[in-house]
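Chemist: Have a look at this one.
The values are calculated or read from the model by the stated rules, or taken from the named source; none is laboratory data. The shown structure was predicted, so the numbers you read here are calculated from the model rather than taken from an experiment. So basically every Cβ, Gly included, is an ideal-geometry build from the backbone, and we count neighbours across all protein chains shown.
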Amino acid sequence: MEGGVVHDPGDGTLEWGAWFELTDPSERITSSMLHFFGDMMHNLPNLLPKAHQHPLGWYPTMVLSVEYKGEIPDDPAISRRIVGVYSRSSFMNTDLHDIYVELWTSPSISGLGGGIETEGWRDKQVCLGISSQTALIVPRCIAPLELFMTHYFLLCICF
């Protein structure tokens with residue numbers, strides 16, 4: 001399940017959210033997976049209305065930081081296989097955009113009631129981590145190796 005929303009015109013903020021479930025019933029969400037889930041969102045350019053989207057491209061993550069907030073509680077009402085991802089982005093400058101992501105627990109499948117919302121389910125959820133990142137907006141015609149070498153060279157010059 002996923003969704004996106006554009007706020008009031010001129011607000012400049014775009015939001016997106018989704019639930020991610022591990023497909024193997026024996027797997028469990030671990031704290032080391034939070035970095036992966038912190039990078040699993042739709043990028044700002046893809047959330048813009050079609051009339052304002054950039055031509056086809058890709059969005060490599062340049063900087064990713066994850067602040068660990070806590071473990072998944074040992075509570076049968078909270079899933080150990082599903083994580084909620086909420087992202088917000090409000091800054092895009094030329095070829096860069098910044099993204100803020102919250103990673104949340106999810107109600108257990110039995111707690112979801114087969115898609116029927118149970119009263120008070122949100123009150124039991126816990127924020128597992130927060131990530132922020134900066135990503136590039138790169139035209140599809142630029143090869144990844146060429147991009148890497150260009151930025152590696154620039155980093156060497158800066159330091």
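Chemist: Cβ contacts < 9 Å: first residue on the phi > 0 side of the Ramachandran plot, restricted to the stretch 72-97; second residue at pLDDT 85 or above and surrounded by fewer than 18 Cβ atoms within 10 Å (Cβ to Cβ), any location; separation 6+ or different chain. Result?
Modeler: Listed by first residue and then by second, the contacts come to nothing, as the list is empty.
Chemist: Condition check: modelled with pLDDT of 80 or more, within 11 Å of the chain's Cα centre (by Cα) and loosely packed, with under 15 Cβ neighbours inside 10 Å. Does F20 satisfy that?
Modeler: No, not satisfied.
Chemist: Quickly run through the stretch 26-49 and pick out the residues that are modelled with pLDDT of 85 or more, assigned to a loop (DSSP other than H, G, I, E, B) and out of contact with any Leu (no Cβ under 8 Å at 6 or more places or on another chain).
Modeler: Matches in the stretch 26-49: S26, E27, T30.
Chemist: If we keep just the residues of the stretch 56-84 that are of a type in the set (S, T, Y) and over 14 Å from M33 (Cβ atoms), which is modelled with the lowest pLDDT?
Modeler: Y59
Chemist: Has the stretch 92-107 got at least one residue that is touching a strand residue (DSSP E or B) at 6+ places or on another chain (Cβ under 7 Å), outside any strand (DSSP E or B), modelled with pLDDT of 85 or more and under 22 Å from L22 (Cβ atoms)?
Modeler: Yes, some residue in the stretch 92-107 is touching a strand residue (DSSP E or B) at 6+ places or on another chain (Cβ under 7 Å), outside any strand (DSSP E or B), modelled with pLDDT of 85 or more and under 22 Å from L22 (Cβ atoms).
Chemist: Can you find a residue that is under 28 Å from T23 (Cβ atoms) and modelled with pLDDT of 70 or more anywhere in the stretch 138-149?
Modeler: No.
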